[in-house]
Amino acid sequence: MHSWSETMMKIARHFRLGWKSIIAISVSAAVVGIFLLMLAIFFFLRYKKKVVRSEGDVGEGQEQHNLVMFYSPITYPNVLEATGQFNEEHVSSRTRYGIVFKACFEDGTVLSIRRLPDGQISEETVFREEAEALGRVKHPNLTVLRGYYVDKDVRLLAYDYMPNGNLATLLQEASHQDGHILNWPMRHLIALGLAKGLAHLHSYLDTPIVHGDVKPSNVQFDADFEAHLSDFGLDKLSVRSMDDKTVGSFGYVSPEGKLRGETTKEGDVYSFGIVLLELLTGRRAVMFIKDEEQGEDEMDIVKWVKRQLQTGQISELFDPSLLEVDPQSSEWEEFLLAVKVALLCTVMDPLDRPSMTEVVLLLEGCRVAPDLLPSSSDPTSQTSPV
(Lines give C-alpha, C1' and ligand atoms only; values in the text may rest on other atoms or scores of the structure.)
Protein backbone atom coordinates (compact mmCIF):
# COMPACT_ATOMS: atom_id res chain seq x y z
CA MET A 1 0.00 0.00 0.00
CA HIS A 2 1.42 3.37 -0.97
CA SER A 3 1.76 6.15 1.53
CA TRP A 4 -0.12 9.44 1.20
CA SER A 5 3.08 11.33 0.19
CA GLU A 6 3.96 8.77 -2.51
CA THR A 7 0.46 8.98 -3.93
CA MET A 8 0.59 12.76 -4.05
CA MET A 9 4.04 12.61 -5.77
CA LYS A 10 2.68 10.33 -8.51
CA ILE A 11 -0.30 12.67 -9.05
CA ALA A 12 2.08 15.63 -9.21
CA ARG A 13 4.36 13.94 -11.80
CA HIS A 14 1.36 12.85 -13.85
CA PHE A 15 -0.26 16.27 -13.95
CA ARG A 16 3.08 18.11 -13.74
CA LEU A 17 2.02 20.03 -10.59
CA GLY A 18 4.30 22.10 -8.39
CA TRP A 19 4.64 21.88 -4.61
CA LYS A 20 2.27 24.82 -4.03
CA SER A 21 -0.44 23.07 -5.98
CA ILE A 22 0.15 19.85 -4.04
CA ILE A 23 -0.20 21.68 -0.70
CA ALA A 24 -3.40 23.40 -1.84
CA ILE A 25 -4.91 20.08 -2.90
CA SER A 26 -3.93 18.47 0.42
CA VAL A 27 -5.49 21.26 2.48
CA SER A 28 -8.68 21.13 0.43
CA ALA A 29 -8.90 17.37 0.85
CA ALA A 30 -8.41 17.73 4.60
CA VAL A 31 -11.19 20.36 4.84
CA VAL A 32 -13.56 18.18 2.83
CA GLY A 33 -12.69 15.21 5.03
CA ILE A 34 -13.40 17.16 8.23
CA PHE A 35 -16.69 18.43 6.80
CA LEU A 36 -17.79 14.90 5.89
CA LEU A 37 -16.83 13.67 9.36
CA MET A 38 -18.85 16.43 11.07
CA LEU A 39 -21.82 15.69 8.81
CA ALA A 40 -21.64 12.01 9.74
CA ILE A 41 -21.50 12.86 13.46
CA PHE A 42 -24.51 15.22 13.08
CA PHE A 43 -26.69 12.57 11.45
CA PHE A 44 -25.56 9.97 13.99
CA LEU A 45 -26.52 12.16 16.95
CA ARG A 46 -29.83 13.07 15.35
CA TYR A 47 -30.61 9.42 14.79
CA LYS A 48 -29.65 8.55 18.37
CA LYS A 49 -31.84 11.35 19.79
CA LYS A 50 -34.75 10.10 17.73
CA VAL A 51 -34.26 6.59 19.07
CA VAL A 52 -34.11 7.82 22.69
CA ARG A 53 -37.25 9.89 22.20
CA SER A 54 -39.00 6.90 20.69
CA GLU A 55 -38.00 4.74 23.64
CA GLY A 56 -39.31 7.44 26.00
CA ASP A 57 -42.67 7.40 24.26
CA VAL A 58 -42.89 3.67 24.74
CA GLY A 59 -42.21 4.02 28.46
CA GLU A 60 -44.47 7.02 29.02
CA GLY A 61 -47.25 4.92 30.49
CA GLN A 62 -44.83 3.44 32.98
CA GLU A 63 -43.47 6.88 33.88
CA GLN A 64 -46.97 7.98 34.91
CA HIS A 65 -46.83 5.44 37.73
CA ASN A 66 -44.13 7.49 39.48
CA LEU A 67 -44.92 10.03 42.12
CA VAL A 68 -43.18 13.32 41.50
CA MET A 69 -41.13 13.31 44.69
CA PHE A 70 -39.02 16.31 45.58
CA TYR A 71 -36.47 14.22 47.46
CA SER A 72 -36.84 10.43 47.17
CA PRO A 73 -38.34 8.25 44.41
CA ILE A 74 -41.57 6.48 45.36
CA THR A 75 -43.86 4.88 42.81
CA TYR A 76 -47.62 4.71 42.69
CA PRO A 77 -47.54 0.91 43.13
CA ASN A 78 -45.45 1.54 46.28
CA VAL A 79 -48.23 3.77 47.60
CA LEU A 80 -50.91 1.21 46.79
CA GLU A 81 -48.93 -1.42 48.71
CA ALA A 82 -48.20 0.89 51.66
CA THR A 83 -51.87 1.89 52.02
CA GLY A 84 -53.34 -1.55 51.33
CA GLN A 85 -54.94 -0.27 48.12
CA PHE A 86 -56.24 2.75 50.10
CA ASN A 87 -57.83 0.46 52.65
CA GLU A 88 -59.94 1.87 55.51
CA GLU A 89 -57.49 0.43 58.04
CA HIS A 90 -54.89 2.96 56.87
CA VAL A 91 -57.14 6.03 57.13
CA SER A 92 -55.77 8.60 59.59
CA SER A 93 -58.25 11.43 58.93
CA ARG A 94 -61.06 12.64 56.70
CA THR A 95 -61.21 16.24 55.56
CA ARG A 96 -63.05 18.41 53.07
CA TYR A 97 -60.02 17.92 50.83
CA GLY A 98 -60.20 14.16 50.80
CA ILE A 99 -59.01 11.23 52.88
CA VAL A 100 -55.56 11.05 54.44
CA PHE A 101 -53.85 7.65 54.67
CA LYS A 102 -50.86 6.55 56.72
CA ALA A 103 -48.39 4.88 54.35
CA CYS A 104 -45.52 2.78 55.70
CA PHE A 105 -42.95 1.83 53.03
CA GLU A 106 -40.47 -1.06 53.02
CA ASP A 107 -37.45 1.22 53.49
CA GLY A 108 -38.93 2.56 56.75
CA THR A 109 -40.28 5.80 55.26
CA VAL A 110 -43.65 6.87 56.67
CA LEU A 111 -45.76 9.41 54.79
CA SER A 112 -49.24 10.85 54.95
CA ILE A 113 -50.91 10.37 51.57
CA ARG A 114 -53.87 12.61 50.85
CA ARG A 115 -56.22 11.46 48.11
CA LEU A 116 -58.36 14.30 46.83
CA PRO A 117 -62.07 13.57 46.26
CA ASP A 118 -62.68 12.07 42.83
CA GLY A 119 -65.41 14.57 42.02
CA GLN A 120 -63.31 17.60 42.93
CA ILE A 121 -60.09 17.10 40.98
CA SER A 122 -58.62 20.07 39.13
CA GLU A 123 -57.21 20.09 35.61
CA GLU A 124 -53.90 18.25 35.39
CA THR A 125 -51.73 21.22 34.39
CA VAL A 126 -53.20 23.42 37.13
CA PHE A 127 -52.73 20.67 39.71
CA ARG A 128 -49.07 20.19 38.77
CA GLU A 129 -48.32 23.91 38.89
CA GLU A 130 -50.01 24.42 42.26
CA ALA A 131 -48.43 21.29 43.75
CA GLU A 132 -44.99 22.43 42.61
CA ALA A 133 -45.63 25.84 44.22
CA LEU A 134 -46.72 24.24 47.52
CA GLY A 135 -43.62 22.04 47.44
CA ARG A 136 -41.51 25.19 47.65
CA VAL A 137 -43.22 26.41 50.84
CA LYS A 138 -40.84 25.68 53.71
CA HIS A 139 -41.22 26.69 57.36
CA PRO A 140 -40.61 24.84 60.66
CA ASN A 141 -44.28 25.28 61.65
CA LEU A 142 -45.87 24.24 58.35
CA THR A 143 -46.36 20.71 57.04
CA VAL A 144 -44.06 20.06 54.08
CA LEU A 145 -45.36 18.69 50.79
CA ARG A 146 -42.91 15.94 49.77
CA GLY A 147 -44.46 14.97 46.46
CA TYR A 148 -47.59 14.53 44.37
CA TYR A 149 -49.19 12.19 41.84
CA VAL A 150 -51.58 12.97 39.02
CA ASP A 151 -53.12 10.60 36.48
CA LYS A 152 -56.57 10.79 34.94
CA ASP A 153 -58.99 10.77 37.91
CA VAL A 154 -56.40 10.32 40.70
CA ARG A 155 -54.75 13.18 42.61
CA LEU A 156 -52.41 12.43 45.52
CA LEU A 157 -50.34 14.62 47.85
CA ALA A 158 -47.53 13.18 49.99
CA TYR A 159 -46.55 14.79 53.31
CA ASP A 160 -44.32 13.92 56.25
CA TYR A 161 -46.23 11.80 58.73
CA MET A 162 -46.97 13.50 62.06
CA PRO A 163 -46.77 10.77 64.74
CA ASN A 164 -48.16 12.78 67.68
CA GLY A 165 -51.58 13.57 66.33
CA ASN A 166 -53.23 16.97 66.31
CA LEU A 167 -54.21 19.72 68.74
CA ALA A 168 -57.89 18.73 68.83
CA THR A 169 -56.98 15.27 70.13
CA LEU A 170 -54.37 16.67 72.51
CA LEU A 171 -56.84 19.14 74.06
CA GLN A 172 -59.38 16.36 74.46
CA GLU A 173 -56.84 14.11 76.17
CA ALA A 174 -55.75 16.99 78.39
CA SER A 175 -59.33 17.55 79.55
CA HIS A 176 -59.54 13.90 80.59
CA GLN A 177 -56.28 14.10 82.52
CA ASP A 178 -56.84 17.38 84.36
CA GLY A 179 -54.76 19.18 81.76
CA HIS A 180 -51.39 17.98 83.01
CA ILE A 181 -50.39 16.81 79.53
CA LEU A 182 -50.32 20.47 78.46
CA ASN A 183 -48.50 22.83 80.82
CA TRP A 184 -48.26 26.56 80.14
CA PRO A 185 -44.82 26.58 78.44
CA MET A 186 -46.00 23.93 75.99
CA ARG A 187 -49.25 25.77 75.24
CA HIS A 188 -47.33 28.97 74.69
CA LEU A 189 -44.94 27.26 72.25
CA ILE A 190 -47.85 25.75 70.33
CA ALA A 191 -49.58 29.13 70.04
CA LEU A 192 -46.37 30.84 68.97
CA GLY A 193 -45.53 28.13 66.43
CA LEU A 194 -49.01 28.27 64.92
CA ALA A 195 -48.81 32.07 64.72
CA LYS A 196 -45.41 31.93 63.00
CA GLY A 197 -46.59 29.39 60.44
CA LEU A 198 -49.67 31.44 59.60
CA ALA A 199 -47.64 34.67 59.43
CA HIS A 200 -45.29 32.99 56.95
CA LEU A 201 -48.21 32.10 54.68
CA HIS A 202 -49.64 35.62 54.87
CA SER A 203 -46.52 37.76 54.60
CA TYR A 204 -43.37 35.95 53.55
CA LEU A 205 -44.25 34.21 50.29
CA ASP A 206 -44.09 35.65 46.77
CA THR A 207 -47.75 34.70 46.46
CA PRO A 208 -49.44 34.90 49.91
CA ILE A 209 -51.66 32.00 50.93
CA VAL A 210 -54.90 32.36 52.87
CA HIS A 211 -55.51 29.19 54.85
CA GLY A 212 -59.28 29.42 55.17
CA ASP A 213 -59.74 26.65 57.74
CA VAL A 214 -57.55 27.22 60.80
CA LYS A 215 -58.71 24.88 63.58
CA PRO A 216 -57.17 22.50 66.16
CA SER A 217 -57.39 19.40 63.96
CA ASN A 218 -55.21 21.20 61.40
CA VAL A 219 -52.44 21.75 63.94
CA GLN A 220 -50.31 18.59 63.89
CA PHE A 221 -47.31 17.48 65.94
CA ASP A 222 -44.10 15.80 64.84
CA ALA A 223 -41.97 13.40 66.89
CA ASP A 224 -40.64 16.33 68.99
CA PHE A 225 -44.13 17.77 69.55
CA GLU A 226 -43.33 20.73 67.31
CA ALA A 227 -46.56 22.26 65.99
CA HIS A 228 -47.17 22.24 62.22
CA LEU A 229 -50.11 23.92 60.50
CA SER A 230 -51.56 21.67 57.78
CA ASP A 231 -54.17 21.80 55.00
CA PHE A 232 -53.09 25.14 53.55
CA GLY A 233 -53.16 25.98 49.84
CA LEU A 234 -55.53 23.15 48.93
CA ASP A 235 -58.35 25.27 47.50
CA LYS A 236 -56.57 25.64 44.15
CA LEU A 237 -55.89 21.91 43.96
CA SER A 238 -59.56 20.95 44.05
CA VAL A 239 -62.69 22.06 42.24
CA ARG A 240 -65.90 22.71 44.13
CA SER A 241 -69.39 23.42 42.89
CA MET A 242 -70.18 27.06 42.08
CA ASP A 243 -73.07 26.78 44.53
CA ASP A 244 -70.78 25.68 47.36
CA LYS A 245 -70.12 28.81 49.44
CA THR A 246 -68.94 26.92 52.51
CA VAL A 247 -65.85 28.40 54.13
CA GLY A 248 -63.94 27.17 57.16
CA SER A 249 -65.43 25.03 59.91
CA PHE A 250 -68.31 25.62 62.29
CA GLY A 251 -67.22 27.71 65.26
CA TYR A 252 -64.07 29.06 63.61
CA VAL A 253 -65.41 31.17 60.72
CA SER A 254 -65.30 34.95 61.11
CA PRO A 255 -68.58 36.92 61.09
CA GLU A 256 -67.80 38.44 57.67
CA GLY A 257 -66.79 35.02 56.35
CA LYS A 258 -70.24 33.66 57.18
CA LEU A 259 -71.91 36.54 55.36
CA ARG A 260 -69.75 36.70 52.24
CA GLY A 261 -68.56 33.13 51.91
CA GLU A 262 -65.01 34.38 51.33
CA THR A 263 -61.66 33.48 52.88
CA THR A 264 -59.31 36.32 53.83
CA LYS A 265 -56.21 36.93 55.93
CA GLU A 266 -58.40 38.70 58.47
CA GLY A 267 -60.63 35.64 58.58
CA ASP A 268 -57.56 33.50 59.30
CA VAL A 269 -56.65 35.85 62.16
CA TYR A 270 -60.13 35.40 63.63
CA SER A 271 -59.88 31.62 63.40
CA PHE A 272 -56.45 31.75 65.05
CA GLY A 273 -57.98 33.75 67.92
CA ILE A 274 -60.60 31.04 68.47
CA VAL A 275 -57.94 28.31 68.49
CA LEU A 276 -55.84 30.37 70.92
CA LEU A 277 -58.79 30.71 73.31
CA GLU A 278 -59.34 26.94 73.15
CA LEU A 279 -55.67 26.40 73.90
CA LEU A 280 -55.79 28.77 76.87
CA THR A 281 -59.08 27.70 78.43
CA GLY A 282 -59.49 24.08 77.39
CA ARG A 283 -63.02 24.97 76.31
CA ARG A 284 -64.55 24.20 72.91
CA ALA A 285 -65.16 26.83 70.23
CA VAL A 286 -68.91 26.36 70.72
CA MET A 287 -70.29 25.10 74.00
CA PHE A 288 -73.60 24.61 75.75
CA ILE A 289 -73.93 26.53 79.01
CA LYS A 290 -76.61 25.79 81.57
CA ASP A 291 -78.58 28.89 82.47
CA GLU A 292 -81.03 28.88 85.40
CA GLU A 293 -83.47 31.15 83.55
CA GLN A 294 -83.09 30.06 79.93
CA GLY A 295 -82.04 26.47 80.50
CA GLU A 296 -79.26 25.29 78.19
CA ASP A 297 -77.84 28.01 75.98
CA GLU A 298 -75.41 27.72 73.06
CA MET A 299 -72.47 30.07 73.46
CA ASP A 300 -69.34 30.64 71.45
CA ILE A 301 -66.02 30.78 73.27
CA VAL A 302 -65.47 34.50 72.65
CA LYS A 303 -68.75 35.40 74.33
CA TRP A 304 -68.01 33.03 77.21
CA VAL A 305 -64.53 34.50 77.83
CA LYS A 306 -65.88 38.05 77.79
CA ARG A 307 -68.57 37.09 80.27
CA GLN A 308 -65.98 35.65 82.67
CA LEU A 309 -63.95 38.84 82.41
CA GLN A 310 -66.94 41.12 82.92
CA THR A 311 -68.01 39.23 86.04
CA GLY A 312 -64.46 39.19 87.40
CA GLN A 313 -64.20 35.40 87.27
CA ILE A 314 -60.79 35.32 85.63
CA SER A 315 -59.80 32.10 87.35
CA GLU A 316 -62.62 30.39 85.41
CA LEU A 317 -60.68 31.02 82.22
CA PHE A 318 -57.89 28.67 83.20
CA ASP A 319 -57.63 25.08 82.17
CA PRO A 320 -57.22 23.06 85.42
CA SER A 321 -53.47 22.58 85.06
CA LEU A 322 -52.93 26.30 84.57
CA LEU A 323 -54.39 27.10 87.99
CA GLU A 324 -50.99 26.11 89.32
CA VAL A 325 -49.45 29.18 87.66
CA ASP A 326 -48.18 31.66 90.24
CA PRO A 327 -50.16 34.95 89.95
CA GLN A 328 -46.92 36.84 90.62
CA SER A 329 -44.94 35.03 87.93
CA SER A 330 -44.12 35.98 84.36
CA GLU A 331 -46.20 33.01 83.21
CA TRP A 332 -49.30 34.71 84.60
CA GLU A 333 -48.48 37.83 82.61
CA GLU A 334 -47.93 35.72 79.49
CA PHE A 335 -51.30 34.06 79.95
CA LEU A 336 -53.12 37.39 80.30
CA LEU A 337 -51.29 38.75 77.28
CA ALA A 338 -52.35 35.71 75.29
CA VAL A 339 -55.99 36.30 76.31
CA LYS A 340 -55.67 39.90 75.12
CA VAL A 341 -54.20 38.75 71.82
CA ALA A 342 -57.01 36.25 71.30
CA LEU A 343 -59.65 38.91 71.96
CA LEU A 344 -57.92 41.31 69.57
CA CYS A 345 -57.95 38.61 66.89
CA THR A 346 -61.68 38.03 67.30
CA VAL A 347 -63.05 41.59 67.23
CA MET A 348 -66.02 42.06 64.90
CA ASP A 349 -64.41 44.55 62.53
CA PRO A 350 -61.74 42.72 60.47
CA LEU A 351 -59.82 45.98 59.97
CA ASP A 352 -59.28 46.24 63.73
CA ARG A 353 -57.62 42.84 63.97
CA PRO A 354 -53.82 42.62 64.15
CA SER A 355 -51.84 40.95 61.38
CA MET A 356 -50.31 37.57 62.12
CA THR A 357 -46.86 39.21 62.11
CA GLU A 358 -48.05 41.50 64.91
CA VAL A 359 -49.52 38.52 66.74
CA VAL A 360 -46.12 36.80 66.68
CA LEU A 361 -44.50 39.88 68.21
CA LEU A 362 -47.15 40.02 70.92
CA LEU A 363 -46.79 36.38 71.82
CA GLU A 364 -43.03 36.70 71.93
CA GLY A 365 -43.51 39.41 74.54
CA CYS A 366 -42.15 42.22 72.37
CA ARG A 367 -43.22 45.83 73.04
CA VAL A 368 -45.68 47.18 70.51
CA ALA A 369 -47.53 50.38 69.91
CA PRO A 370 -49.85 51.19 72.87
CA ASP A 371 -52.92 51.45 70.64
CA LEU A 372 -52.49 47.83 69.53
CA LEU A 373 -53.29 46.46 72.99
CA PRO A 374 -56.51 46.92 74.98
CA SER A 375 -56.55 49.79 77.46
CA SER A 376 -55.50 49.36 81.08
CA SER A 377 -59.16 49.24 82.04
CA ASP A 378 -59.49 45.90 80.28
CA PRO A 379 -60.32 43.14 82.82
CA THR A 380 -57.33 41.11 81.66
CA SER A 381 -54.97 43.80 82.95
CA GLN A 382 -55.51 42.52 86.48
CA THR A 383 -52.47 40.93 88.10
CA SER A 384 -54.24 38.26 90.09
CA PRO A 385 -57.09 35.80 89.60
CA VAL A 386 -58.39 36.63 93.08
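Being modelled with pLDDT under 85 and within 24 Å of the chain's Cα centre (by Cα) is the filter here; which residues of segment 153-184 pass it?
Once the filter is applied, which keeps residues that are modelled with pLDDT under 85 and within 24 Å of the chain's Cα centre (by Cα), segment 153-184 yields only Asp153.
So, in segment 116-153, exactly how many residues are out of contact with any Lys or Arg (no Cβ under 7 Å at 6 or more places or on another chain), surrounded by 13 or more Cβ atoms within 10 Å (Cβ to Cβ) and within 20 Å of Glu88 (Cβ to Cβ)?
So the count comes out to 1.
Which of the following residues is within 29 Å of the chain's Cα centre (by Cα), surrounded by fewer than 18 Cβ atoms within 10 Å (Cβ to Cβ) and either assigned to a loop (DSSP other than H, G, I, E, B) or modelled with pLDDT of 75 or more (or both): Thr357, Thr383?
Numbers: Thr383 fails: within 29 Å of the chain's Cα centre (by Cα).
After ruling out the rest, the residue left standing is Thr357.
For the condition closer than 29 Å to Tyr204 by Cα, of a type in the set (A, V, I, L, M, F, W, C) and either in a helix (DSSP H, G or I) or touching a residue at least 40 places away in the same chain (Cβ under 8 Å) (or both), what is the one hit in Leu171, Leu192, Leu182? Outline the logic, then answer.
Details: Leu171 fails: closer than 29 Å to Tyr204 by Cα; Leu182 fails: closer than 29 Å to Tyr204 by Cα.
On inspection, the qualifying residue turns out to be Leu192.
Residue by residue, here is whether (1) touching a strand residue (DSSP E or B) at 6+ places or on another chain (Cβ under 8 Å); (2) under 30 Å from Glu316 (Cβ atoms) holds:
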| residue | (1), (2) |
| --- | --- |
| Tyr204 | no, no |
| Val214 | yes, yes |
| Leu229 | yes, yes |
| Gly233 | no, no |
| Ser238 | yes, no |
| Val269 | no, yes |
| Phe272 | no, yes |
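Only one of these is among the basic types (Lys, Arg), farther than 23 Å from Leu280 by Cα and either over 15 Å from the mean Cα position of the chain (by Cα) or at pLDDT 90 or above (or both): Lys215, Lys245. Name it.
Numbers: Lys215 fails: farther than 23 Å from Leu280 by Cα.
On inspection, the qualifying residue turns out to be Lys245.
The values are calculated or read from the model by the stated rules, or taken from the named source; none is laboratory data. Worth saying up front: this structure is predicted, and the values here are computed from it rather than measured. Positions of Cβ are backbone-derived with ideal geometry, glycine not excepted, and every protein chain shown enters the neighbour counts.
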